[in-house]
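Readers should treat all values here as calculations from the given coordinates under stated rules, not as data from a laboratory. What you are looking at is a predicted structure, and each value in this text was computed from that prediction instead of being measured. Cβ placement follows ideal geometry from the backbone for every residue including glycine, while neighbour counts extend to all protein chains displayed.
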Amino acid sequence: MRNNATILEVRDLLKTFGAVVAAKDINVDISKGEVVGIIGANGAGKTCFVNMVTGYLAPTEGSIKFEGKELVGLETRKITHSGISRSFQVSQVFHSMTVAENLMISLAIANNTAFDALRLMDTPELRKQLDAILTRYKLEAHRDSTVSALAQGVRKLLDIAMAVVSRPRILLLDEPTSGISVEEKFDFMDVVMDALKEDGVTVLFVEHDMEIVARYVSRVLAFYQGEIIADMPPKKALSDKKVQEFVIGKEHHKRNK
């Protein structure tokens with residue numbers, strides 16, 4: 001019987017490219033409200049897993065259910081509309097536009113399914129939603145700034161804010177702190193995680209920075225050669241012998257004990 005708290009169910013997931021096995025035997029349940037860190041070396045299967053959940057890649061075999069409904073076979077657009085959104089490692093924003101303009105376009109599309117969505121961009125209701133998002137993601141000071149002139153961290157905040165205007169129940173983030181300085185990464189993640197918690201979003205994020213993983217996630221999925229080798233709380237996962245050997249390295253663990 002399906003747990004009522006379960007929002008995402010993955011069963012017997014397999015992905016092959018000819019003779020190459022990119023993912024196999026993936027079985028995982030994600031509960032509502034969880035913050036899950038996905039870790040692994042390059043090529044371990046992390047992005048393959050995220051791509052299958054979000055519809056960018058079709059699994060060879062297996063099932064992916066979101067709120068009890070099968071996702072396998074659905075287009076990415078339909079998966080997004082169903083309540084799963086995604087933010088990429090490289091920000092997917094309009095660089096020649098301002099922060100407010102980027103968000104207004106996203107809001108117009110999220111609030112209107114008709115083809116005249118962009119014609120209805122500037123309404124009092126959308127302006128109200130815009131102000132709330134700017135405040136939640138600490139972007140008020142950058143409201144009228146052209147995106148190309150912004151620092152990487154601000155661009156990423158905008159990208160994530162744009163990903164949640166459709167009010168997803170699950171958000172997948174691809175290396176959210178990539179390109180952000182050591183001095184800024186915790187402040188950046190505090191803003192992101194506080195905003196997502198306020199919105200009640202279940203979060204899965206791929207991350208190579210183990211300090212970020214240890215501080216922000218409630219659970220770790222560690223990938224190696226296309227399989228999940230650990231599924232446990234962060235402190236236990238980062239001390240696990242397999243994770244130390246195949247993901248983070250024993251020396252890294254010793255330095256950060």
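General observations
- Rg to Rh quotient for segment 93-166, alpha carbon positions, Kirkwood Rh: 0.95
- Cut-off 15 Å between beta-carbons: net charge of the residues surrounding Ile212, Lys and Arg +1, Asp and Glu -1: -4
- Distance from the C-alpha centroid of segment 1-79 to that of segment 170-232: 17 Å, rounded to the whole angstrom.
- Calculated [θ] (222 nm, deg cm²/dmol) that DSSP helices of n ≥ 4 give over the chain, each run adding -39,500 (n - 2.57): -9500 deg cm²/dmol
- Taking all Cα pairs closer than 8 Å and separated by 6 or more residues, the relative contact order of segment 10-52 comes to 31 percent.
- Using 0.36 nm per residue and subtracting the Cα-Cα separation, the extra length available between Lys241 and Glu75 on full extension is 55.9 nm.
- Relative contact order of segment 93-166, defined on C-alpha pairs under 8 angstrom at six or more residues apart (%): 48
- Whether the chain is rounded, prolate or oblate, judged on the alpha carbon gyration tensor where a/c under 1.5 counts as rounded: oblate
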